[in-house]
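Note sheet for the following structure.
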Amino acid sequence: MFCCIMVLKYFLNYDIFIGVVKIAYQKLRKGDTFTNMSERKQWYRLDNAAMIYPVMSSRSWMAMFRLCATLTEEVDKKTLEEALSVTIKRFPTMAVRVRRGIFWYYLESLDGAPPVTKDVANPCLPIARGKNRKFLFRVRYYRKRIALEFFHALTDGSGGMCFLKTLVAEYLERRYDVKIPRGVDILDCSEKPKPEELEDSFIGASGNVGLERGEKSAYRIKGTPEHAQFMNIVTGVCDSALVSKKAHELGVSVTHYLTAILIQSVADIQSKEYLRRNRMKPIKICIPVNLRKLFGSSTLRNFSSYVNPGIERKYGEYSLKQTAETVYHFMGLETSPQKMRAKFSANVRAEHNIVMRCIPLFIKVAVLRLAYRATGDIQYSSTISNLGVVKLPEVMEQYVDRMDFQLGPLFQNKVMCAALSYKGMLYINFTRKIREADVEKNFFRRLIEEGVPVTIESNMNERSLME
Amino acid sequence: MSYCVECGVKLADSEKVCPLCNTEVINPNRKGEGDQRPYPKRVEHQMTGINRVSAAQLGSVFLICPVGASLLIDFLTARWSVSWSLYVAGAGMLLFIMLLLPMMFKQSRPYLSLVLDTISVGAYLMIIAWVGGDMTWCWLFGLPIVTLTGFAAAAILAFCRAKKMKLSSKVGGCSIVLSFYILLLELSIDRAIAGKLFFWTYSPSDFYFNWSQYVVAPLLFISILCFYVSRKAGLIDEIKRRLFV
């Protein structure tokens, strides 16, 4: 230090040197440099489910999902920006970026809000490092639609939906001068964030006994790879009451029913496989399970697990009713709080293991990448995520025509499905990273055969823009 | 609102073809473009890979720094002459030609890269020999082997890139090239030790082979086998049938 000062004194004009030292001293005394810095840079540990996402993220892939709300009138960008700047303060775990520690990744808070940009026909692309004002979610608009794209390390579908509802509520209040009642689903932005909304609920809910995570690999849907930066989206819109009626005729819920149809649709493709080995593989569908109701949590971060119901076609063919019953009984057994707790407790215990904690991040990353490649997506053939019935307060509902939920590409699986019901309509969004639309084709044809009319729309025309 | 005649699904007015089966929508009652598209005519393009040319240019700049610094330090300390810094400069040149220059080509140019690689390795050996003050080993040993290796690599590359050639023929061709390479390598090494630089200075008794024949024999056997197999379509079919995975 002394040497440095001497060198500086020698090379610099003495008066300038003294001036710089004085300013630095004053800044330190006022504390406006370091004190504010420590206040601003709030940091959070990643929740247990989010651990894997930064590890697997790359320039070409990030676990993303998208939620949209279509309003009755065109979206005003300025009002949306204002609404966003207010909303984001209520959701501090959304205003973060991922940083590397020595042993773990962590989330570091950011000031401001992400830019509000025009929507694109190829959503859910990875957020490049340093882009989007470093935020890990995007806010987009197109005509009457407000779309949010989240990196899964921030939150899950339920947390994202809460953010979207609150953002839309703030927007509508500003745009139409209406008063929207706030509660659990639509948060009051004038309140401070509650600690239970920011907690990692996996830790509080975990038990002492973990469950074996290994599962047999499932049949994988193959096809011609799509352009690396394009994701095909096919949306089917149908009457949710009719689908619900059909599901109840089979004695199952809508999620079970849709899963059964998806399994049957994948089975149609599997039947055409040349190799017997592929024809005999089990078809399993990953269904995310919201753990908030099971464990009484109100966290806005990830708190969901999954189950992989399916059929083993090597034992014979399954009818739709048999498939639906298999899914229903499997989920009945697997989604009990005890089973769910045991499932994520294994991950929590691994995270808290002292040896695991002491391993440097770069080794953890290498091991986790290998482990995820070997055991991640290969356990299931596709994913279906149903957010259920989305309800809005009456005053808000009159301004919102439609809601959508879309899953971004998975690491290895090529076809994903997400659904939600709103205002009596069921919106089923298929997203895929292959050219062939066989799964959707089989799925919607089967729905029509069941007597459910479906209206289809897609981003297929915009595919040519990638050439 | 139209229906797909193939799938039976109702299609949104924005759809010109069925997104599920690509069947064209023909509806005489439909006017114009129909409803607004659900997605904008805008796509996001992201840079997924590194721009090779820019990376090569950046790499060249980084390479110039140690080379320039070495030359300068050597030049100043050795009182206006250069010696050891030429090793660094030569290594820098080698790195540039072998690694960075191919990245600057818009198209892959393997033969040109190979020729440049061979020349640059030869040049680096000459620099080392010149700075060391003894060019003999370079003329007798270094340059012939580098040239020989360059030709062998070019021949193997030609076989590998041949489009109409069967895989078995390619393997056979590469084996023959490797056989000749090994024979000439032994010859070059032996003659270099004997101090004979040019082939015309060799006597007939110099053309004997010792260790190379143990390498060449299996290689020739492989090449004969490969060429034989490549001419027998039935045999290839039988092998494929028995060994398919």
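Read the figures in this text as sums done on the coordinates, not as results from a lab. Here the structure is a predicted model, which means the values were calculated and not measured. Reconstructed Cβ throughout: ideal geometry from the backbone, glycine too, with neighbour counts over all protein chains shown.
Values computed for the structure shown
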| read-out | value |
| --- | --- |
| Protection-proxy order for peptides B:168-175, A:91-98, each taking the mean of Cβ atoms within 10 Å per residue, highest first | A:91-98, B:168-175 |
| Alpha-carbon gyration tensor eigenvalues x 5, square-rooted, for segment A:120-217, Å | 30, 22, 13 |
| Dimensions (Å) - segment B:48-148, Cα atoms, principal axes, largest first | 48, 37, 14 |
| Where only alpha carbons of segment B:159-222 are counted, the Rg and the Dmax (Å) | 14.8, 44 |
| Packing-based order for A:450-459, A:102-111, A:230-239, using average beta carbon neighbours within 10 Å, highest first | A:230-239, A:450-459, A:102-111 |
| Inverse mean reciprocal Cα-Cα distance (Kirkwood Rh) of segment B:128-245, Å | 16.6 |
| Binned Cα-Cα distance frequencies in segment A:233-369 - 10 Å width, integer % | 10, 28, 30, 21, 9, 1 |
| Considering only segment A:283-403, percent of DSSP beta bridges that pair antiparallel, nearest 5 | 75 |
| Helix-only [θ]222 nm of chain B, DSSP H runs n ≥ 4, -39500 (n - 2.57) each, per residue, nearest 500 | -19500 deg cm²/dmol |
| For the protein assembly as shown, the Rg and Dmax computed from alpha carbons only, in angstrom | 33.6, 105 |
| Over chain A: helical MRE at 222 nm, DSSP H runs n ≥ 4 each giving -39500 (n - 2.57), nearest 500 | -11500 deg cm²/dmol |
| Rounded to 5, percent antiparallel among DSSP beta bridges of the protein assembly as shown | 85 |
| Cα-based convex hull, segment A:347-416, per residue volume (Å³, whole number) | 172 |
| Semi-axis lengths (Å, descending) of the ellipsoid that matches the C-alpha gyration tensor of chain B | 58, 36, 10 |
| Per-residue average of Cβ from other chains inside 10 Å of A:445-452 | 2 |
| Anisotropy class of segment A:143-188 from Cα gyration tensor, a/c 1.5 cut | oblate |
| Above-threshold pairs, the threshold being 26 Å between Cα atoms, out of A:K293/A:K321; A:K89/A:K131; A:K293/A:K314; A:K77/A:K179; A:K78/A:K131 | A:K293/A:K321; A:K293/A:K314 |
| Relative counts (whole %) of C-alpha pair distances in segment A:50-101, using bins that are 10 Å wide | 16, 37, 31, 15, 1 |
| Column: log10 I(q)/I(0), Debye, Cα scatterers of segment A:57-165, q = 0.18 Å⁻¹ | -0.89 |
| Cα radius of gyration and Dmax for segment B:118-195 (Å) | 15.5, 50 |
